[in-house]
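Below is one structure; the comments refer to it alone.
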Amino acid sequence: MHSEMATAGVLDELDAAVFAVSDLDFGALPNHERLEILRRLESVARKQSSAMYELLNGLREQWIPAEFGCEHTHQVVADALRINRSEAKKRFATAEQLAIRSSFTGEPLAPELPAVAAGVRDGVLGDGHVQVIRSFLQHLPAAIDAGTQEQAEAQLAGFAATMRPDELRKIADRLAAYLNPDGEFSDEDRARKRGIWLGEQGPDLMSSIKGLIDPELRAHLEPILAKLAAPGMCNPQDETPTVDGEPNEDEAKRDTRSMGQRQHDAVKAMCRGLLASGELGQHRGLPVTAVVSTTVSELTDLAGPAATAGGSLVPIRDLIRMAAHAFHYLVVFDVEGRVVHLARSKRIASPDQRIVLHARDIGCSHPGCTVPGYLAEAHHIREWADGGPTDIDNLTFVCPAHHKLAGQGADQWHTTAGPRSHTRWHPPAHVDPRERPRINRFHHPSGILVGEASGDPP
């Protein structure tokens, strides 16, 4: 108790000090004093990061999923701090290397990156410096021994005390070249670096894609792109794009696309052909294919984007073009959002019911969850074991992690039907003593924009 009171007292003093600084009048200060104050404020903010890393690492080491109704610590922290989950993940990854660790016997161990941790604790290193050094170490070959890595970490931390992160990056790149002069990387090194990331959609609904591919994937892509990205192949400007055989001379000559555009269209043709082939089998009760939902008015007016079961948006004109290529599941609702009543005597939801869930729920219905419908499971709002029917009105989408937390036990979340087909999640008493029901609005931003009643309790 004494420790809790002492902590609260220190935090109260911190709040008071920050408010006092905010109330200061800097108008009459000369610029050199303004710079000095900025340096001190930056140093204080960096020192606070050290405390944040210790707290995050403590949460991770002592995490009990049932305590907050979630298996993933970064999700709870992201919601609590109102930051992106990707940012929360990055903070946890940084904390794992900079915070004091515990051995199996409970004894404290030095941070994995002791020099960097000390620099942050002293207010010398900022997040930019930390990420440069972390990236440097992550990309070193596995053959570099631990002692050399420790020396390199300490050396870079020392340089960072007098450099900007972009300057430190140049030093780190040169040091990496010294440590691996022949540029030799093993299969293990390449496997560690491989990855492809699909970025979020922008205002124009375009998405960035970035990553590193290993030699084997490149060897597979080269002949495919040589064929499908050749001038005249897979050209969306042609009335009937050529995807088999060879394009004729006229098709090749009128193809004005750049190499990048041709390769983009080739990848799109590859994906469309693979989905249409049926060779991917089934995923969560449906054939692997694109599932998109829209309304009658949007389809008629050719206005407004349609929603995919992956959480992205597709312009109506693109949707119609996709439908022309044997689009398997196009779900259309009336303007009121009514769905067809689909009932079943079996416990497992039918493919038709899953299609409606894709269109209605979009993704996991657990409060704050961002998992899209492609990765979700069907859940009985009133439990099947309690007589809940497998009707569309009694089904909702839940991701596997949150599905484990649902049930009728005292320490479990339970669900009830909410307004406008939303699912209410009632937390157990240890999560919220008042057990106030919650609704996930992440997948339904339009409802917030039009002022839809939340259905949440005050």
Scattering profile of the chain from the Debye formula, Cα beads only, expressed as log10 I(q)/I(0) at q = 0.08, 0.10 Å⁻¹, is -0.72, -1.06
Quick numbers on the range 113-159, Rg and Dmax over C-alpha atoms in Å, give 10.5, 33
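Based on the alpha-carbon gyration tensor of the range 1-145, what equivalent-ellipsoid semi-axes (square roots of 5 times the eigenvalues) come out, in whole Å, largest first?
Numbers: eigenvalues 179, 104, 48 Å².
Rounded to whole Å, the semi-axes are 30, 23, 16.
What is the ratio of the Cα radius of gyration of the range 31-112 to 2.2 N^0.38 Å, where N is its residue count, to two decimals?
Numbers: Rg = 15.9 Å, N = 82, 2.2 N^0.38 = 11.7 Å.
Computed over Cα atoms of the range 31-112, the ratio equals 1.35.
So between Ala401 and Leu35, what do we pick up on full extension, going 0.36 nm a residue minus the alpha carbon distance?
Working: separation 366, 0.36 × 366 = 131.76 nm, distance 4.85 nm.
That works out to 126.9 nm of additional length.
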Specify which residue in the list Gln97, Thr295, Val371 is farthest towards the positive end of the charge dipole of the chain, using unit charges on the beta carbon of Lys, Arg (+1) and Asp, Glu (-1), about the Cα centre. Thr295
Gain in span if fully extended, Asp393 to Ala143, counting 0.36 nm per residue against the direct Cα distance: 84.2 nm
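Counting other beta carbons within 10 Å of each residue's own, what order do His74, His264 fall into, fewest first? Before the final figure, lay out the partial values.
Numbers: His74 21, His264 16.
Lowest count first: His264, His74.
Between Glu112 and Met259, how high is the FRET efficiency from 1/(1 + (r/R0)^6) when r is the Cβ-Cβ distance and R₀ = 51 Å? Nearest 0.05. Don't skip to the answer; put the middle values down first.
On the way: r = 43 Å, r/R0 = 0.85.
Once rounded, the FRET efficiency stands at 0.75.
Which three semi-axes in whole Å describe the equivalent ellipsoid of the range 115-193, each the square root of 5 times a Cα gyration tensor eigenvalue, listed largest first?
One finds semi-axes of 23, 12, 11 Å for the range 115-193.
Given charges of +1 on the Cβ of Lys and Arg and -1 on the Cβ of Asp and Glu, with all other atoms neutral, how large is the dipole of the range 205-277 about its Cα centre, in debye to the nearest 20?
On the way: 9 positive and 12 negative charges, 71 e Å.
Here the size comes out at about 340 debye.
Based only on other Cβ atoms within 10 Å, what is the fewest-to-most ordering of Ile381, Ile83, Ile355, Ile316?
Values: Ile381 21, Ile83 14, Ile355 25, Ile316 18.
Least crowded to most crowded, the residues run Ile83, Ile316, Ile381, Ile355.
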What the Cα atoms of the range 85-136 span along the principal axes, largest first and in whole Å, is 34, 27, 19
Enumerate the whole-percent occupancy of each 5 Å bin, from 0 to the last occupied one, for all C-alpha pair distances of the range 177-254. 3, 11, 13, 12, 14, 16, 12, 8, 6, 3, 1, 0
Specify which residue in the list Ala115, Gln75, Gln149 is farthest towards the positive end of the charge dipole of the chain, using unit charges on the beta carbon of Lys, Arg (+1) and Asp, Glu (-1), about the Cα centre. Gln75
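Given a Förster distance of 30 Å, report the FRET efficiency between Ser312 and Arg420 from their Cβ-Cβ distance, rounded to the nearest 0.05.
On the way: r = 22 Å, r/R0 = 0.75.
About 0.85, to the nearest 0.05.
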What distance in nm separates the simple spin-label points at Gln201 and Ser135, each placed 7 Å from Cα in the Cβ direction? 2.9
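So if I take the alpha carbon set of the range 225-301, get Rg, then get Rh from the Kirkwood formula, what is the Rg over Rh ratio?
Working: Rg = 15.8 Å, Rh = 14.4 Å.
Rg divided by Rh gives 1.10.
Rank these for me by crowding, Phe136, Phe159, Phe104, going from fewest to most other beta carbons within 10 Å.
On the way: Phe136 21, Phe159 16, Phe104 5.
Taking fewest neighbouring Cβ atoms as first place, the list is Phe104, Phe159, Phe136.
With +1 assigned to the C-beta of every Lys and Arg and -1 to the C-beta of every Asp and Glu, and no other charges, what is the dipole magnitude of the range 115-193 about the Cα centre in debye, to the nearest 20? Before the final figure, lay out each step's value.
Values: 9 positive and 13 negative charges, 60 e Å.
Here the range 115-193 has a charge dipole of around 280 debye.
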Once R0 is set to 45 Å, what does the formula 1/(1 + (r/R0)^6) return for the Cβ-Cβ distance between Ile224 and Asp173, expressed as a FRET efficiency to the nearest 0.05? 0.85
Among Ala219, Met233, Ser208, the residue whose Cα sits farthest towards the positive end of the charge dipole of the range 205-277, when +1 is placed on the Cβ of each Lys and Arg and -1 on the Cβ of each Asp and Glu, is Ser208
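Per DSSP H run of at least 4 residues, take -39500 (n - 2.57); add these up for the chain, divide by its residues and hand me the 222 nm value, nearest 500 deg cm²/dmol.
On the way: 18 runs with 208 residues, N = 458.
Calculated from helices alone, the mean residue ellipticity at 222 nm is -14000 deg cm²/dmol.
Each value in this text was obtained by applying a stated rule to the coordinates, not by laboratory testing. Just so we're clear, the structure is a prediction, and the values are computed from it rather than from any experiment. Glycine also receives a Cβ, built like all others from the backbone with ideal geometry; neighbour counts cover every protein chain displayed.
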